[in-house]
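Below is one structure; the comments refer to it alone.
Read-outs: derived from the displayed coordinates by stated rules, not from any lab. A quick note: this is a predicted structure, and the numbers were derived from the prediction, not measured. Using ideal geometry, Cβ is built from the backbone for each residue, glycine included, and neighbour counts are taken over all protein chains shown.
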Amino acid sequence: MKINPAEYKILVVDDVQSNVLLLKALLGREGFNIVYAMNGAEALEKVKIEHPDLVLLDVMMPDMDGFEVAGRLKVEPEQAEIPIIFLTALNDSASVVKGFQLGANDFISKPFRREELLIRVEHQLSLVDARRIILRQTEELRKTIAGRDKLYSVIAHDLRSPMASIKMLCNTIMMSIDPKAVPKDVFEMLEMTNRTAEEVFSLLDNLLKWTKSQLGKLSNVPQSVDVVGLVEGVIEVFNPIAESKSIVLALNSSVEFVNVIVDIEMIKSVVRNLLSNAIKFSHKDTTITIQVEIRNIPDSSDQEVVITVCDKGCGIKEEDQPKLLNEATHFTTFGTNSEEGSGLGLLLCKDFVSKNHGKLWFTSQEGVGSNFSFSLPMK
């Protein structure tokens with residue numbers, strides 16, 4: 001990396017004036033800004049005042065040698081990152097090891113050669129320049145991410161409330177209207193409007209929760225809840241949507257009551273998303289089964305409850321399955337009625353299940369259907 005010498009300040013520390021003058025001449029001729037100190041105490045003061053980018057530090061000095069100066073510099077957070085090159089006539093390995101232990105970045109043996117001096121100085125300053133670029137880009141990225149997350153949160157929050165009202169109005173209209181009382185094409189448009197309202201509201205709800213979760217603003221509030229009752233409640237809400245596609249929702253539970261301690265809203269959101277996806281990707285006149293069962297955890301005396309949503313829909317291509325729960329790929333596809341998804345729902349499910357100490361997995365076969373399962377520990 002080519003550097004501009006005029007942008008860098010070098011502190012030369014040596015108790016021999018002729019050495020200082022030589023270094024000032026060699027480095028100053030290259031365009032570097034040079035400041036100097038004749039002893040260790042003065043060097044520590046100059047670092048505080050001048051804020052150099054590099055220190056060329058003589059080892060053998062009276063009162064306070066270079067090793068002690070380096071040790072003091074490295075314990076100060078604002079000075080610890082300044083690279084140090086020791087100038088020394090000592091060639092024994094013990095001194096070199098001690099220098100590196102104190103935080104030295106390099107050594108130059110006296111008497112030094114001009115070419116070696118310049119190469120070592122430029123190398124250390126190129127590392128300084130690279131570190132500054134990384135810090136600057138990291139800060140820019142942090143601000144970009146913060147702005148993006150704030151935008152997502154504002155959009156989702158401000159749109160969610162009016163969209164909830166639209167969804168409720170559409171649901172009310174669809175429940176109260178007689179299909180025979182309006183033209184067929186009008187009824188189909190009303191159905192499409194109702195379905196779109198459901199999808200948009202679900203997307204906004206997921207977006208708001210996902211943003212809060214990523215920002216660490218979504219707190220986990222564990223409470224005791226009956227999982228079977230929770231699933232029954234979600235099924236009741238989704239029955240009208242399933243009926244619009246002639247789909248039957250069936251609960252198949254091996255137990256009548258299963259008590260777990262979880263964040264209720266998070267787990268409700270998981271069941272809602274899995275059931276919504278199952279409806280979206282199921283064909284008409286099929287059945288979606290929601291299974292609830294208790295299993296023994298392998299190699300443990302504890303048990304877990306497993307909730308599985310089974311559909312007989314279009315399934316997922318084998319090559320697309322690794323993309324499904326991967327944040328980097330953000331995979332999505334269209335439903336059997338061309339319903340559009342965001343791919344965010346499953347990522348949210350994975351995050352929420354993990355926050356409640358469970359696991360999420362799936363099996364799928366293209367053209368046959370999919371089974372999405374998640375487990376929750378029983379305590």
I'd like the GluC sites (Glu not before Pro) in the stretch 151-258 restricted to DSSP loop residues with at most 11 other Cβ atoms within 10 Å, sorted by number. 256
Reachable lysines from residue 355, criterion Cα separation under 23 angstrom, eight or more residues apart if same chain: 150, 209, 212, 217, 268, 323, 379
Once you have all Cα-Cα distances for the stretch 150-302, histogram them in 5 Å bins from zero and send the whole-percent values. 1, 8, 14, 16, 18, 16, 13, 7, 4, 2, 1, 0, 0
To the nearest 10 degrees, how steeply does helix 40-50 sit against the main Cα axis of the chain, on a 0 to 90 scale? 50
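Over the alpha-carbon set of the stretch 221-379, divide Rg by the Kirkwood Rh and report the Rg/Rh ratio to two decimals. Spell out each step's value before the answer.
Working: Rg = 15.2 Å, Rh = 15.9 Å.
So for the stretch 221-379, dividing Rg by the Kirkwood Rh gives 0.95.
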Place a point 7 Å from the Cα of residue 60 along the Cα-to-Cβ direction; which residues of the stretch 1-35 have their backbone N under 13 Å from it? 15-16
Neighbouring Cβ atoms within 10 Å as the yardstick, rank 65, 285 fewest first. 285, 65
For the pair residue 127 and residue 223, how long in nm is the line joining their label points, each one 7 Å along Cα→Cβ? 5.6
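Return 279, 3, 119 ranked ascending by Cβ neighbour count within 10 Å, so the fewest neighbours appear first. Show your work: numbers first, answer last.
Working: 279 25, 3 18, 119 11.
Lowest count first: 119, 3, 279.
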Just tell me which aspartates and glutamates come within less than 17 Å, Cα to Cα, of residue 2; anything on the same chain fewer than 8 places away is out. 30, 53, 115, 116, 122, 129
Pick out, in residue order, every one of the GluC sites (Glu not before Pro) in the stretch 42-113 that is DSSP loop and has at most 15 other C-beta atoms within 10 Å; say none if there are none. 78, 81
Structure-derived Rg and Dmax of the Cα atoms in Å: which label, when the choices are (i) 26.4, 92; (ii) 33.6, 104; (iii) 19.6, 61: (ii)
Ranked by GNM mean-square fluctuation in the chain (Cα springs under 10 Å), the top entry among 262, 227, 128 is 128
Residue 181 label point, 7 Å along Cα→Cβ, cut-off 14 Å on backbone N: hits in the stretch 244-284? none
Quick one: helix 227-243 against the long Cα principal axis of the chain, what's the angle to the nearest 10°, folded into 0 to 90? 70
In the chain, what percentage of the DSSP-assigned beta bridges are antiparallel, given to the nearest 5? 55
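Could you compute the FRET efficiency for residue 41 and residue 89, with r as their C-beta to C-beta distance and R0 at 25 Å, rounded to 0.05?
Working: r = 22 Å, r/R0 = 0.87.
Once rounded, the FRET efficiency stands at 0.70.
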Could you tell me the largest-minus-smallest coordinate of the C-alpha atoms of the stretch 47-135 on each of the three principal axes, in descending order and whole angstroms? 37, 30, 23
Springs between alpha-carbon atoms under 10 Å, Gaussian network over the chain: tell me which of 80, 197, 278 tops the mean-square fluctuations. 80
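If you average 1/r across every pair of different Cα atoms in the stretch 109-190 and take the reciprocal, what Kirkwood value do you get, in Å? Mind dumping the intermediate values first?
Details: mean 1/r = 0.0517 Å⁻¹.
Over the stretch 109-190, the inverse of the mean reciprocal pair distance is 19.3 Å.
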Once both axes come from the Cα atoms, what is the angle between helix 184-214 and the longest principal axis of the chain, in degrees from 0 to 90, rounded to 10? 30
